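Trainee: One structure, as C-alpha cells, below. Some questions next.
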Amino acid sequence: MELIERSPAPGEQPLASIQVFAGLSIIIPTYKEVDNIPLILKRIDALRRDGNLSLEVIFMDDNSRDGSIEAVEQSGYDWARIVVRTENRGLSPAVIDGFRSACNPIYICMDCDLSHPPEVIPQMVLALSSGQQFILGSRYVPGGSTDDDWGIFRWLNSRVATLLARPLTSAKDPMSGFFAFRKADFDKADSLNPVGYKVALELIVKCGFRNIGEVPIRFLDRRHGESKLTLKQQVQYIQHLRRLYIHKFSNTMHLLQFFVVGGSGVIVNLAVLTVLLQLGLPEAVCLAGGIAISLVTNFLLNRRFTFSYARGSRIWTQFAGFVASSSVGMAVNYSVALYLRAEVLPETPYALQLAALLGIAGGMIFNFLGSRYVVFRKNYIRR
Ligand code: GDD
Ligand code: MN
C-alpha cells in the first residue's frame with residue numbers, strides 16, 4: 001500500500017503518528033459549478049495542509065462556460081487544474097476520462113457541490129491501506145445520513161435504485177458518487193462503459209471488487225447551482241443495470257432472455273395453430289405452421305435482444321444456422337406433440353394445444369444450447 005510512515009521533523013508538533021500519503025488524484029466532475037469550485041478547493045487545501053497530503057485535483061468540466069476555468073486558475077493552487085471536455089459528455093465518461101489522465105496511486109472521485117465532505121478522505125485512504133479494494137463514502141451505514149429535507153420520492157428513488165443493484169454488490173451505498181480506490185486496479189479494469197450516473201457501480205462490477213469498505217458520510221444538499229439528475233438518468237440507469245447484469249451473470253442472463261423470447265414464441269405458435277385450425281386445415285399442418293412462424297419471430301427477437309452482441313453479423317447465415325440448430329429441437333417438438341396428441345391425450349379439450357405446449361418445452365433446451373454456442377457464438381463476431 002502507498003502509505004509512508006513519517007516521523008516528525010525536529011521542532012515539529014510531535015503527533016502520535018503522521019502519515020504522508022504517497023499521492024492522491026481527486027477527480028471532480030463538474031457542470032456549471034462555478035460557485036462551488038472555490039469552496040471545495042479551500043476545504044481540500046485545509047485538508048492538504050493538515051495531513052501533509054500530496055495531491056492533485058482535476059476538475060472534469062463539460063464545457064460549462066460559466067467562469068469555472070477562471071475560478072480554478074484564480075485559486076492560485078498549482079495542484080488544481082481543470083480539463084474542459086467537448087465530446088462524449090456526461091458525468092460517467094467525464095469521471096473515467098479523469099482517471100485516465102490522473103497519475104497518483106490513489107484515485108478519489110467526489111461531487112463538486114459539497115454534498116461529499118472532503119474531510120473523510122484520509123479515513124477512506126486509511127481503509128484502503130488496511131487491505132480493502134474500494135471505499136465508498138456511504139449514506140447507508142451506521143453514522144451515515146442524508147439531509148433531512150430529502151423528500152420521500154428522492155429517498156425512495158435512491159433506495160429502489162440500490163435494491164436493484166443488490167445482486168451486483170452487497171455494498172450498502174453503491175450509488176454514491178464519492179469513492180476511493182487504487183490506480184493499479186483501475187488500470188486492470190475490463191472495458192469500462194458506464195452510461196448515466198453510476199460510476200462506482202460500474203467500477204465495482206467491472207473491476208470485480210469484493211472487498212468493499214464504507215465510510216459513513218453525512219450527505220448534504222447542495223447550496224449553489226442545481227442537481228443535474230433527471231428522468232433521463234433514471235432510464236439510463238436501467239440500461240446500465242442490464243449491461244452490468246449481463247457482464248456479471250452472462251449465461252444466466254442469456255438463458256433468461258432466451259426463455260422470455262421463447263415465451264413469446266409459445267404465444268405466437270399457439271395463436272397461429274388456432275387460426276389454422278379454424279381455417280379447417282389438418283392438425284399436422286396446423287402444428288407445423290405454428291412452429292414455422294414462431295421460429296421466425298424467435299430468431300428475430302433473439303438476434304435483437306438475447307444475443308445482441310451478434311447483431312452485426314450476416315442475418316441470412318445466422319437464420320440458416322438458427323433453423324439448422326433448431327431443427328433438432330423442432331423435430332423433438334413436432335414428434336413429442338404428435339405422439340402425445342395421438343397416444344396420451346385422445347379426447348381432452350384443447351388436446352392439440354396441450355400437446356404442442358409439451359412439445360415446445362421438450363424442444364426448447366436443444367435450441368438454447370445450439371443458439372448460444374453455435375449460431376450466436378461469441379468468437380468470429382466482428383467487434
Ligand atoms: N462533467 C460533468 N458532466 N459533470 C456533471 C454532469 C455532466 O454531464 N452532470 C453532473 N455533473 C457533476 C456535477 O457538477 C456535480 O459535481 C456532480 O457531477 C454530481 O451532480 P449532481 O447534479 O449534484 O448530482 P446529484 O446530487 O443529483 O447526484 C449525486 O448523488 C447521487 C446519489 O444520490 C451524485 O453523487 C451521484 O453520483 C449519486 O449517485
Ligand atoms: Mn449533488
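The values are calculated or read from the model by the stated rules, or taken from the named source; none is laboratory data. Quantities reported herein were computed from a predicted structural model and do not represent experimental measurements. Note that each Cβ is placed from the backbone with ideal geometry, even for glycine, and that neighbours are counted across all protein chains shown. For the accessible areas, the whole protein counts, side chains as well, though only heavy atoms, and no ligand, DNA or RNA atoms are used. Shrake-Rupley method; radii C 1.70, N 1.55, O 1.52, S 1.80 Å.
Trainee: Please find the FRET efficiency linking residue 305 to residue 86, where r is the Cβ-Cβ separation and R0 is fixed at 35 Å, and quote it to the nearest 0.05. Don't skip to the answer; put the middle values down first.
Mentor: On the way: r = 34 Å, r/R0 = 0.96.
Computed FRET efficiency for residue 305 and residue 86: 0.55.
Trainee: Another one. Would you work out which of 47, 68, 194 lies farthest towards the positive end of the dipole of segment 15-248, given +1 charges on the beta-carbon of Lys and Arg and -1 on that of Asp and Glu, about the Cα centre?
Mentor: Result: 194.
Trainee: For every helix of n ≥ 4 consecutive DSSP H residues, a contribution of -39,500 (n - 2.57) applies; sum these over the chain, divide by its total residues, and give [θ] at 222 nm rounded to the nearest 500 deg cm²/dmol.
Mentor: Numbers: 12 runs with 182 residues, N = 383.
So the calculated ellipticity at 222 nm is -15500 deg cm²/dmol.
Trainee: Let me ask something else about it. Can you give the accessible area of residue 275 in Å² (nearest 10), computed on protein heavy atoms with a 1.4 Å probe?
Mentor: Number for this one is 80 Å².
Trainee: Next question. Sequence-distant or interchain residues sharing an amide H contact under 5 Å with residue 54, placed H: which?
Mentor: Result for residue 54 returns 21, 23, 24.
Trainee: Given contacts defined as C-alpha pairs under 8 Å and at least six residues apart, what's the relative contact order of the chain, whole-number percent? Could the numbers behind the result be given before it?
Mentor: Working: 577 pairs, mean separation 49.8, N = 383.
Relative contact order for the chain comes out at 13 percent.
Trainee: May I ask you to list, by number, the DSSP H helices of the chain whose Cα span along the axis is at least 30 Å and whose average Kyte-Doolittle hydropathy reaches -1.0 or more? The partial results should precede the final answer.
Mentor: Numbers: long enough: 250-278 (42 Å, 1.39); 315-339 (34 Å, 0.98).
Span-like helices here: 250-278, 315-339.
Trainee: Can I ask one more? Excluding residue 138 itself, calculate the net charge of residues whose Cβ lies under 13 Å from the Cβ of residue 138, where each Lys or Arg counts +1 and each Asp or Glu counts -1. Don't skip to the end; give the middle numbers.
Mentor: Numbers: positive: 139, 172, 218; negative: 173, 214.
Net charge in that neighbourhood comes out at +1.
Trainee: A further question on this structure: Residue 294: accessible area at probe 1.4 Å, nearest 10 Å²?
Mentor: Rounded to the nearest 10, the figure is 10 Å².
Trainee: Among 238-249, 115-126, how do they line up from the highest to the lowest mean number of other beta-carbon atoms within 10 Å?
Mentor: My ranking of the peptides, most packed first, is 115-126, 238-249.
Trainee: Here's a follow-up. Charges on Cβ only, +1 for Lys and Arg, -1 for Asp and Glu, centred on the Cα centroid of the chain; of 58, 348, 370, which one is farthest towards the dipole's positive end?
Mentor: The Cα lying farthest towards the positive end belongs to 348.
Trainee: Name the residues whose placed amide hydrogens come within less than 5 Å of the amide hydrogen of residue 179, ignoring near sequence neighbours (fewer than 5 apart) on the same chain.
Mentor: 109, 137
Trainee: Still on this model: Between residue 185 and residue 267, what FRET efficiency comes out of the Förster formula 1/(1 + (r/R0)^6) with R0 = 41 Å and r the beta carbon distance, rounded to 0.05?
Mentor: Working from the Cβ atoms, E equals 0.30.
Trainee: With r as the distance between the Cβ atoms of residue 281 and residue 377 and R0 = 45 Å, compute the FRET efficiency 1/(1 + (r/R0)^6) and round to 0.05. Show your work: numbers first, answer last.
Mentor: Details: r = 37 Å, r/R0 = 0.83.
Approximately 0.75, to the nearest 0.05.
Trainee: Follow-up question, since we're still on this one. Using only the heavy atoms of the protein chains and a 1.4 Å probe, how would 214, 343, 202 rank by accessible area, largest first?
Mentor: Values: 214 50, 343 125, 202 0 Å².
The ranking, largest first, comes out as 343, 214, 202.
Trainee: Right, here's the next one. In 10 Å bins starting at 0, how do the alpha-carbon pair distances of the chain split up by percent?
Mentor: Spelled out per bin, shortest first, that is 5, 19, 23, 17, 13, 11, 8, 4, 1, 0, 0.
Trainee: State the Cα centre-to-centre distance between segment 59-132 and segment 202-230 in whole Å.
Mentor: First find each Cα centre; the distance between them is then 13 Å.
Trainee: Sticking with this structure for a sec: How would 70, 33 rank on accessible area, largest to smallest, probe 1.4 Å?
Mentor: Working: 70 90, 33 10 Å².
Most to least solvent-accessible, the answer reads 70, 33.
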